[in-house]
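Working notes, structure below.
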Amino acid sequence: MNPNLDLPTVPRRRARPPKRKTRITIYLDDEVLDEFRSRAERTGTGYQTLINAALRLRLGNGDANPAAA
């Protein structure tokens with residue numbers, strides 16, 4: 001190899017963060033979903049994030065802060 005040869009550098013790929021969530025399908029009562037969507041609109045947080053926080057709180061995890069999700 002010629003040490004004077006200028007080869008293009010290949011950008012390094014970032015390592016993927018560990019997977020923390022799983023996509024699922026669940027059926028919720030319309031009233032429940034409507035309430036979470038309404039709260040999401042008022043707070044500017046996604047309704048799925050709010051549902052996740054409510055489930056965490058119910059399970060006793062204690063970390064129900066939607067911003068931490």
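Please specify each residue of segment 18-57 satisfying the condition of being of a type in the set (D, E, K, R), exposed (fewer than 10 other Cβ atoms within 10 Å of the Cβ) and at pLDDT 95 or above. Hits for segment 18-57 are ASP29, ASP30, GLU31, ARG42. Restricting attention to segment 58-69, and to residues there that are surrounded by fewer than 16 Cβ atoms within 10 Å (Cβ to Cβ) and more than 12 Å from the chain's Cα centre (by Cα), which single residue is modelled with the lowest pLDDT? My answer is GLY62.
The values are calculated or read from the model by the stated rules, or taken from the named source; none is laboratory data. Nothing here was measured: the structure is a model prediction, and the numbers come from that model. Glycine also receives a Cβ, built like all others from the backbone with ideal geometry; neighbour counts cover every protein chain displayed.
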